[in-house]
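> Starting off with a structure, shown below.
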Amino acid sequence: MKKIILAATLAFAGFTAVQASEVNTIKNAAIVAVQDSAVKTPVKLEELPEPVTTALKSDAYKGWTATEAWSVKEGTKEYYLINVKKEAETGSVKIDKDGKPVQ
């Protein structure tokens, strides 16, 4: 009886085993997030337009460092969403292509 229970247990474990499969990755693929009809595309900080980088260097953002940026298209609005950090504090700002804050 013990052998039958052991054999059934081993058979069940064999049927429920999970097999790992190879994950294919795509290099240099752009990740685009769509949220509430807004399309966010990652942008490298060095590729931000000059008016945007100038705005980030202004007194309004003094002491804050940009960490990540996205180009956002939300209906007819287009702007850059930029995550910023100041010591332990974090936040984000929205700036249009002309360097003006977006509400």
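The numbers here are math on the coordinates, done by the rules we state, and not lab data. Owing to the predicted nature of the structure, the values given are computational and were not obtained by experimental measurement. All Cβ positions, even for glycine, are placed from backbone atoms using ideal geometry, and neighbour counts span all protein chains on display.
> Could you derive backbone 3J(HN,Hα) for region 72-79 from the dihedral phi with the Karplus parameters 6.51, -1.76 and 1.60 (θ = phi - 60°), listing whole Hz in sequence and x where the residue is Gly or Pro?
10, 10, 10, x, 8, 7, 10, 7
> Which of 80, 61 has the fewest other C-beta atoms within 10 Å, and how do the rest follow up to the most?
So the ranking, lowest neighbour count to highest, is 61, 80.
> Cα atoms only: what Rg and Dmax, in Å, come out for region 31-103?
Over region 31-103's Cα set, Rg and Dmax evaluate to 11.9, 35 Å.
> Could you work out how much longer the chain between residue 53 and residue 90 gets when fully extended? Use 0.36 nm per residue separation minus the Cα distance between them, nm to one decimal.
Fully extending the segment from residue 53 to residue 90 adds 11.5 nm.
> For residue 38, enumerate residues with amide H under 5 Å from its amide H, sequence gap 5+ or separate chain, H modeled in the peptide plane.
none
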